[in-house]
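Reviewing the structure listed below.
Readers should treat all values here as calculations from the given coordinates under stated rules, not as data from a laboratory. Just so it is clear, the model here is predicted, and its values are computed rather than measured. Positions of Cβ are backbone-derived with ideal geometry, glycine not excepted, and every protein chain shown enters the neighbour counts.
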Amino acid sequence: MMSPNTKEAYQLLHDGILALAEAESHGLKIDVKYIQKQKKQISKEIILLENKIYDSAFYKDWKKAVKKEPNIYSSQQLGNYLYKVKGVKIKKETATGEGSTDKETLRLLNIPELETLLEIKELKKVRDTYLDQFEREQVNGEIHPFYHLHIAQTYRGSSSNPNFQNVPKRDKKAMQITRRAIKPRPGHQFLELDYSQLEVRIGACYSKDKKLIDDILHGDMHRDVAIDLFKIKNFDKSKPGHSTLRGAAKNGFVFPQFYGDYYENCAVNLAQNWCKLPKGKFKKGQGIEIEKGYTIADHFIDNGIKSYRKFVATVQEAEHNFWNVRYKTHTKWKESIWREYQSNGFITSKTGFTFQGIMKKNFVINYPVQSAAFHCLLWSLIEGTKALKREKMDSVIVGQIHDAIVFDVNPKELNKLIKIMNCIMCNDVRQHWPWIIVPLEIGAEICPVDGSWAEKQELNIGDE
DNA sequence: GGAACTCGCCAC
DNA sequence: AAACGTGGCGAGTTCC
């Protein structure tokens with residue numbers, strides 16, 4: 001339940017949807033032959049792995065227990081077999097209270113056949129969600145992803161048919177296979193410009209927290225949190241172990257915390273998925289290696305964190321330090337907007353949108369930040385579209401991913417384009433919206449001429 | 001035979 | 001006291 005409450009807010013969506021319609025009309029090339037070849041290859045791999053499962057004692061026992069041919073891809077049937085037939089203890093529940101069969105939970109069971117199943121599911125995800133989608137949606141070798149402004153509760157955009165906003169990135173293999181299918185126009189190259197830490201910066205515009213702003217500009221909050229979480233004494237980012245732990249702090253603590261998560265969830269995630277540590281007492285040699293012959297469990301034990309329980313307490317302390325010491329002004333803002341909602345029944349974003357209806361606290365805190373952050377991107381996309389036309393450029397915008405714009409660039413125009421966009425995204429938007437009191441910065445990634453979207457590399461664009 | 005639901009997983 | 005925000009999509013399943 002929300003609405004634009006100013007003419008300006010209405011105009012932003014109006015101009016935004018027109019600019020996005022242009023991006024839709026440009027579209028992207030799809031290598032159909034490649035997709036068909038990949039799908040065949042993946043299907044072969046899947047059959048081999050499936051047979052491995054079907055031939056196993058695990059599967060035969062499952063079949064015997066339920067007296068019919070099990071469907072290995074049915075979460076319901078698998079959950080039933082594991083939790084009701086075999087009596088495996090439920091470690092995590094789904095939203096409806098059933099035993100979970102997600103990747104994280106199955107990993108804990110240490111059953112080789114389930115590892116094989118997870119491997120198959122990764123392959124199926126790539127084939128059936130992405131390659132199929134691209135192949136199905138392409139016409140004459142082009143896709144035209146749709147971009148919507150009327151779907152998300154927060155006034156973010158969304159994308160569909162195909163969804164251009166969730167193509168694999170972190171998993172190297174899945175990234176390679178899927179993004180390799182997407183190509184620029186002949187003789188052109190993809191460029192992606194994204195806002196650095198956009199939501200955190202916009203959050204700071206709401207709270208005006210001095211320490212938060214200072215850390216955005218000069219500090220490294222992920223490093224500081226890593227030091228707190230993992231009791232690192234002399235942080236050295238050139239050490240691979242320290243760099244990994246900084247990544248864990250960023251993705252396993254800072255981001256979830258800004259979305260409203262709390263220490264217990266963060267602790268489970270950090271211990272299991274980042275440190276690879278079991279619950280219970282820590283033993284020497286457990287977990288990821290942070291230095292040669294020295295694991296995270298060794299490090300924890302040496303620093304008095306002898307068990308998972310103790311680690312949870314450490315994460316709780318780090319959380320306290322994060323919200324009540326370091327960024328206490330930001331925390332005050334979170335409380336004040338929550339009170340504002342409780343007394344008025346609605347809240348308003350910096351970009352002029354009202355949110356009303358029944359909302360939980362986390363929603364109230366997130367919506368204004370998420371909407372205003374996206375609107376910075378949208379405003380830049382509108383102005384970018386105008387500028388490219390005004391300059392009669394051959395380069396075009398082909399996509400939008402929440403805090404990033406994807407261009408199909410004529411290589412001759414690359415430098416000019418970056419200069420124009422840097423000015424729009426970092427300077428002009430702040431003139432337009434003076435409430436942006438924190439400098440905005442962008443990063444760039446570039447693909448080779450005629451290279452696919454899998455070949456993105458960081459591009460240093462310096463300061464202008 | 002299709003709509004709606006659950007679960008899981010990809011992105012930011 | 002409660003406890004992760006926003007989407008899209010596929011497969012399995014259930015309901016009508």
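Once each part is reduced to its C-alpha centroid, what is the distance from segment A:402-456 to segment A:198-271 in angstrom? A separation of 25 Å, based on Cα centres. What shape does segment A:174-297 have by the C-alpha gyration tensor, where a ≥ b ≥ c are the square roots of the eigenvalues, rounded means a/c under 1.5, and otherwise prolate means a/b greater than b/c and oblate the rest? Oblate shape, in that a/c is at least 1.5 and b/c is the bigger or equal ratio.
Rounded to the nearest 500, the helix-only mean residue ellipticity at 222 nm of chain A stands at -14500 deg cm²/dmol, with each DSSP H run of n ≥ 4 adding -39,500 (n - 2.57). With the biggest extent put first, the Cα atoms of chain A measure 68, 57, 48 Å across the principal axes.
By the scheme Lys and Arg +1, Asp and Glu -1, what is the net charge of all other residues having a beta-carbon under 9 Å from that of A:I182? Local net charge: +3. Once the Cα-Cα distance is subtracted from the 0.36 nm per residue extended length, the A:Q356 to A:E335 segment shows a gain of 5.8 nm.
Annotation: the residues A:C266, A:C423, sorted from fewest to most other C-beta atoms within 10 Å of their own C-beta, follow the order A:C423, A:C266.
Ordering A:H222, A:H26 from the fewest to the most neighbouring beta carbons within 10 Å gives A:H26, A:H222. Net charge of the neighbourhood of A:P439, taken over other residues with C-beta under 9 Å away and scored Lys/Arg +1, Asp/Glu -1, is +1.
Eigen-decomposition of the gyration tensor built on the alpha-carbon atoms of segment A:333-396 gives equivalent ellipsoid semi-axes of 35, 9, 8 angstrom, largest listed first.
Taking other residues whose beta carbon is less than 15 angstrom from the beta carbon of A:S207, and scoring Lys, Arg as +1 and Asp, Glu as -1, yields +4. What spacing in nm lies between the two simple spin-label points modelled at A:S243 and A:S25, each 7 Å away from Cα in the Cβ direction? With each label placed 7 Å out from Cα toward Cβ, I get 4.5 nm. The shape of segment A:269-411 can be summarised by an equivalent ellipsoid whose semi-axes, obtained from the alpha carbon gyration tensor, come to 43, 28, 11 Å from longest to shortest.
Projecting the Cα atoms of A:H222, A:A387, A:S160 onto the charge dipole of chain A, computed from C-beta unit charges around the Cα centre, puts A:H222 farthest toward the positive end. In this structure the amide hydrogen of A:F353, modeled in the peptide plane, comes within under 5 Å of the amide hydrogens of A:N5, none closer than 5 places in sequence on its chain. For segment A:53-101 versus segment A:280-347, the inter-centroid distance based on Cα atoms is 34 Å. When each of the peptides A:450-457, A:175-182 is scored by the mean number of other C-beta atoms lying within 10 Å of its residues, the order from highest to lowest reads A:175-182, A:450-457. Among A:S25, A:S238, A:S380, A:S56, a tally of other beta-carbon atoms within 10 Å of each Cβ gives an order, fewest to most, of A:S238, A:S25, A:S56, A:S380.
Relative contact order of chain A: what whole-number percent is it, with Cα pairs under 8 angstrom and at least 6 residues apart? Relative contact order of chain A: 23 percent.
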